[in-house]
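Notes follow the structure.
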Amino acid sequence: MNALGDTGDIGDFLRSRRARIQPEEVGLAGHGRRRVPGLRREEVAQLAGVSVDYYIRLEQGRGTSVSDAVLDSIARVLHLDDTEQGYLRAVARPAETRRRAAGRPAAQQVRPGLRLLLATIEKAPAFVLGRRMDVLAWNPLGDAVVGFSAMAPKDRNMPRQVFLNPAARDLYPDWPAVAAETVAYLRLDAGDHPQDPQLATLVGELSLGSEDFRRLWADHQVREKRHGAKRIQHPVVGELSLPYETLTVAGEPEQALVVYTPEPGSVTEERLRMLGSWALT
C-alpha cells in the first residue's frame, strides 16, 4: 500500500477509474481484445485532449502543475462525480494541498456553543465527527445508541470501531455497506491531508488488523457522507432504522455534526424514547 502522500495515490486512483469505464461508453467499440478492463492510458489522453506523455506523467505523479482545464477534461472522460473530481484535484497537487493545511491546529476541540447545541437535541442521537472520523462529542442519546463514553479515547474513532471491534458486525446489520462508506469518507480526508502522520498511523493500524479494510482502501472509492440511512441492532431495544444528516460546522470546516433523524411515529422513534429513559436510569 502506498503511504499517505505518495505519488502512487493519484496513479492508483486514475487506474481504478479507467478500469471501470467500458470503451463502448465513450465511443471506442471494436478496438480489439483487451488484456485489462477499461480504458487504456492513450485513450484517456486522446479523449481528454492531452498528449499521451503528459497523461502518463500525471498518472506517475509528475504533473504537479496540471491546470484545472486538464483535470476537468480527465474527470469528464472518466465520469467522475463532484466528490471524485475534488479528490483528483487534491491528489494531483499534493504540494498545494499541504500549503492549505499548513498552520491548522493539531488538537481537535469542540467549542462550548456546539456542545450546548448537542445537549439541546433530546429526541435524536447526535455526535460531532472531526479529522480522521474521530468522535469528538456526543449527546446522551447518541451515547446510549453507540456507547462512546464506554470507549477508550483512542477508540472513539469510527473506522477503528467498524473494522477492529468484533461487535461492529452485530451492531450494523448492513456492515459491508457501512464499511465501504466509512473507507470512502476516510479517503477524502487522506486526499486533503496527504502527510498527516496520525492518519498514516490509523491507515496502517487498520490495514494490519483488517483484510476487509485493505481491500476497500485499495479500491480508491471516495464519497461524502452528507445524508443517508443506517440500521443499528441495539442490544437493549432491538433494531433501529435511522436516517441521518451530516452538517458541516460553521467556522470549523473539519468538523461535522451528525444527527440521526428517526421517522415521526415510527417504531424506531418509540424505541429511542425507551432507550433514553433506560439510559437515565
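The values are calculated or read from the model by the stated rules, or taken from the named source; none is laboratory data. Computed from a predicted structure; not experimentally measured. Here the Cβ positions follow ideal geometry from the backbone for every residue, glycine too, while neighbour counts run over all protein chains shown. The protein model used for the area step is the full one, side chains on, heavy atoms only, and it has no ligands, DNA or RNA in it. Shrake-Rupley method; radii C 1.70, N 1.55, O 1.52, S 1.80 Å.
Which value in nm describes the separation of the simple spin-label points at Asp53 and Arg34, placed 7 Å from the Cα toward the beta carbon?
Result: 2.6 nm between the two label points.
Please check: in the Gaussian network model of the chain (C-alpha springs, under 10 Å), which one of Gly38, Gly204, Gly27 has the largest mean-square fluctuation.
Looking only at Gly38, Gly204, Gly27, the biggest GNM fluctuation is shown by Gly27.
Against the globular-protein guess of 2.2 N^0.38 Å, express the Cα radius of gyration of region 211-272 as a ratio, rounded to two decimals.
1.45
Would you list Glu25, Glu239 from the most to the least accessible area, probe 1.4 Å?
Largest accessible area first, the residues go Glu25, Glu239.
Which value, in Å² and to the nearest 10, is the accessible area of Glu263 when all protein chains are kept and the probe is 1.4 Å?
Roll a 1.4 Å probe over it and Glu263 shows about 110 Å².
Kirkwood hydrodynamic radius, region 150-193, all distinct C-alpha pairs: what's the number in Å?
Final number for the Kirkwood radius of region 150-193 is 11.2 Å.
Quick one: among Val70, Val222, Val162, which has the greatest mean-square fluctuation in a GNM of the chain with alpha-carbon springs under 10 angstrom?
Comparing Val70, Val222, Val162 in the GNM, the peak value goes to Val70.
Please list, short to long, the whole-number percent of alpha-carbon pairs of region 140-250 in consecutive 5 angstrom bins beginning at zero.
The calculated distribution, bin by bin, is 2, 10, 19, 25, 22, 14, 6, 1, 0.
Give me, ordered by chain and number, the residues 5 or more places off Ala137 or on other chains with an amide H under 5 Å from its own placed amide H.
Here Val128 satisfy the definition.
Mind giving me the nanometre distance, one decimal, between the label points for Arg115 and Glu211, set 7 Å out from Cα along Cα→Cβ?
Placing both labels 7 Å beyond Cα along the Cβ direction yields 4.4 nm.
With the chain treated as a Gaussian network of Cα nodes joined by springs under 10 Å, which of Asp82, Asp143, Asp192 yields the largest mean-square fluctuation?
The residue with the greatest mean-square fluctuation here is Asp82.
Which listed residue (Phe13, Pro140, Leu164) has the Cα farthest towards the positive end of the charge dipole for the chain, taking +1 on Lys and Arg C-beta and -1 on Asp and Glu C-beta about the Cα centre?
Towards the positive end, the residue furthest out is Phe13.
What percent do you get for the relative contact order of region 188-281 when only Cα pairs under 8 Å and 6+ apart count?
17 percent
Return one quarter of the surface area of the convex hull spanned by the alpha-carbon atoms of the chain, equal to its mean projected area, in nm².
Mean orientational projected area (the chain, Cα hull): 16.9 nm².
Students sometimes get this wrong: rank Leu208, Leu28 by accessible area, probe 1.4 Å, all chains present, largest first.
Largest accessible area first, the residues go Leu208, Leu28.
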